[in-house]
1. Return the residues of the range A:163-195 that are away from chain B (no Cβ under 11 Å) and part of a loop (DSSP other than H, G, I, E, B); say none if nothing qualifies.
2. Can you tell me which of A:Ser96, A:Ser119 is facing another protein chain (nearest Cβ under 10 Å), polar (S, T, N, Q) and over 25 Å from A:Arg214 (Cα atoms)?
3. So A:Phe98 fits all but one of (1) out of contact with any Lys or Arg (no Cβ under 7 Å at 6 or more places or on another chain); (2) more than 30 Å from B:Leu226 (Cβ to Cβ); what number is the exception?
4. Checking B:Glu213 against (1) modelled with pLDDT of 95 or more; (2) of a type outside the set (Lys, Arg); (3) under 30 Å from A:Leu159 (Cα atoms), only one condition comes out false. Which one?
5. What's the number of the only condition in (1) in contact with a Pro (Cβ under 8 Å, 6 or more places away or on another chain); (2) modelled with pLDDT of 90 or more; (3) aliphatic (A, V, I, L, M) that A:Val198 fails to meet?
6. Which of the numbered conditions does A:Gly78 fail, given that it passes all the others? Conditions: (1) farther than 27 Å from A:Leu175 by Cβ; (2) of a type outside the set (Val, Ile, Thr); (3) out of contact with any strand residue (DSSP E or B) (no Cβ under 6 Å at 6 or more places or on another chain); (4) crowded, with 16+ Cβ neighbours inside 10 Å.
7. Conditions: (1) in contact with a Cys (Cβ under 8 Å, 6 or more places away or on another chain); (2) at pLDDT 90 or above; (3) of a type in the set (A, V, I, L, M). A:Val156 meets all but one. Number of the miss?
8. What tally of residues in the range B:41-88 results from selecting those that are in contact with a helix residue (DSSP H, G or I) (Cβ under 7 Å, 6 or more places away or on another chain), more than 25 Å from B:Asp271 (Cβ to Cβ) and not aliphatic (A, V, I, L, M)?
Amino acid sequence: MSVMTPDPPSKGRIDVDNFALSYDTLEGPVEAVCNASIHVNPGEFVSIVGPSGCGKSTLLNAVAGFLKPTKGGVTVDGEAVDGPGADRGMVFQQYSLFPWKTVKGNVEFGLKMKHLDKSSRDRAARTLLGLAGLTAFENKYPDSLSGGMKQRVGIVRALATGPKVLLLDEPFGALDAQTRVIMQQILTNMWQRLKISVLFVTHDIDEAIFLSDRVYCMTARPGAIKAEITIPLERPRHQSMMMSSEFLGLRRGLMSLIREESIKAMGGELNDLALDGLSIDLHGQSLADVL
Amino acid sequence: MESIALRREQQTAAEPATGAEPSYAPTVQSQGGAPPQFALYLRRWLALNRSGLRAVLIGAISLALFLLAWHLLTEYRVVFFVRFTNVPSPSAVYESLTRAMHDSTFFMHVILSCRRILFGFSLAALIAVPLGLVMGRFRLAHEILFPITEVLRPIPAIAWVPMAIMLWPTNEQSIIYITFLGSFFPILVNTLHGMSLVDPVLVRAAQCLGAREMSIFREVYFPASLPHIFTGLTVGMGVAWVSLIAAEMISGQFGIGYFTWEAYSLVQYADIALGMICIGVLGLGSSALIRGFGRLVMPWSRT
């Protein structure tokens with residue numbers, strides 16, 4: 001099975017250098033992202049976190065090839081990204097399965113685009129679905145699947161073409177907390193088996209720490225890289241690690257970084273003094289703490 | 001599909017406990033033989049299909065009442081602003097139907113109308129659907145063609161009759177042309193609407209999987225628009241019949257519309273109602289055909 005043999009971790013390097021993206025409005029150009037640089041080493045799991053609207057999805061979409069940078073460059077293995085392609089698999093938050101195709105049909109789609117013949121497509125799809133524990137559902141239509149199952153199909157579909165990198169845009173954002181934890185475990189397992197580079201966008205700090213080797217934290221719009229944090233937690237990772245002091249320390253650090261930016265994103269610095277005249281009982285805490 | 005089946009199963013399981021009276025369920029279990037099993041099955045089936053059965057029953061009663069009202073109004077030749085003096089009674093229409101059943105000309109009228117629908121509607125579908133897909137995908141095509149279609153669209157197909165007679169060498173061709181025009185615009189407009197609603201995320205997903213323009217068109221835009229295309233086809237079929245009957249009444253020599261109009265001219269009042277009912281049944285049947293075809297090609301949609 002060629003699609004499942006892990007690439008030697010020499011492939012799948014993502015370089016985003018001095019990336020800037022602005023769009024034109026009547027008031028003039030508005031910067032969405034300015035001067036952001038991120039790098040993903042071959043086989044590395046990297047997350048981008050940041051307040052909503054900070055442009056983390058914009059960065060991911062630029063790597064996918066849907067957006068062209070205004071300044072700077074995006075390369076994958078040294079090749080400039082020019083439009084979307086099958087070498088960069090993408091998983092979307094809204095599942096984005098083709099409702100008119102069965103689970104197997106969805107997984108086969110990329111291989112069909114590669115002009116693989118029917119029997120080898122069939123074989124590849126069945127193998128992948130078997131690995132993801134979806135064999136029983138291969139002939140079901142997406143509408144009859146649960147959210148978690150849909151996203152599993154989405155990930156399998158993105159991996160079927162044997163991409164160099166996997167891009168995930170808040171893939172578990174629409175799932176309930178329990179399902180999300182299971183999906184994180186599944187994704188980790190798949191990543192470890194395939195040794196594929198992953199660029200993962202999320203606003204969930206726990207998720208980012210639990211999954212990643214490194215986490216980039218972005219500033220509020222216009223988005224830039226505020227910090228880069230290496231996650232030294234050993235692998236394989238388990239749910240129990242999320243209670244460890246090491247994890248909680250990382251969480252606290254990232255949390256405060258993001259909160260600063262979230263407050264900025266919500267409309268500038270909040271002024272505690274302005275609230276003094278008001279009779280709001282904050283239980284002795286400052287507003288920033290309450291928020 | 002599956003989830004509905006599952007839900008039904010759950011309902012079935014819950015039925016003896018909730019629906020049936022508590023004293024009944026244990027006796028069934030203790031007997032356990034084939035007849036009580038069947039009785040239980042029947043009870044469950046009735047419980048599950050209650051609303052469907054109810055609709056059928058009420059529908060049948062409603063139709064029967066309609067027939068009764070029709071019968072009474074014509075029997076007593078009621079004149080209450082509306083005059084039922086010359087309106088044929090249901091029994092007269094039934095007689096007329098039995099007579100028509102042994103008459104090959106009646107069938108000829110029906111078959112000719114069906115053939116005109118088949119040609120006119122098929123042509124409309126074969127042109128309007130691809131045109132709608134292209135206009136929906138390529139801005140330039142939309143910008144060029146949309147103004148023309150918007151100007152022509154509000155013109156009722158019947159208003160085209162004189163022009164059609166001038167345009168086409170034979171009567172038959174002009175009638176087919178009228179039918180074509182009637183169904184063309186609903187199909188085009190609905191196809192365009194379907195194209196405008198295609199989820200851009202699906203297009204991006206296809207691009208990420210290596211799909212090029214032609215494949216995206218075939219594998220994403222077309223199937224995503226299919227539900228709306230079928231809405232267009234159903235509406236188009238209805239308008240095709242409207243246009244056909246009007247055209248046949250004005251300029252036809254054969255066809256069920258002509259039959260109906262001729263019956264009026266020849267004072268065959270029962271035949272007027274027969275022609276109307278026949279048109280109704282044909283329209284209903286052709287719409288059902290399209291819906292059935294739609295379900296066949298869109299197995300993923302639940303409705």
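The values are calculated or read from the model by the stated rules, or taken from the named source; none is laboratory data. As the structure is a computational prediction, the values presented were derived from the model and not from experiment. Cβ coordinates were reconstructed from backbone atoms using ideal geometry, including for glycine residues, and neighbour counts include every protein chain displayed.
1. A:Lys164, A:Glu170, A:Pro171, A:Phe172, A:Gly173, A:Ala174, A:Leu175, A:Asp176, A:Lys195
2. A:Ser96
3. Checking A:Phe98 against (1) out of contact with any Lys or Arg (no Cβ under 7 Å at 6 or more places or on another chain); (2) more than 30 Å from B:Leu226 (Cβ to Cβ), the one that fails is (2).
4. The single condition B:Glu213 does not satisfy is (1).
5. It fails just one condition, (1).
6. Tallying (1) farther than 27 Å from A:Leu175 by Cβ; (2) of a type outside the set (Val, Ile, Thr); (3) out of contact with any strand residue (DSSP E or B) (no Cβ under 6 Å at 6 or more places or on another chain); (4) crowded, with 16+ Cβ neighbours inside 10 Å, A:Gly78 fails exactly one: (4).
7. (1)
8. Selection size over the range B:41-88: 1.
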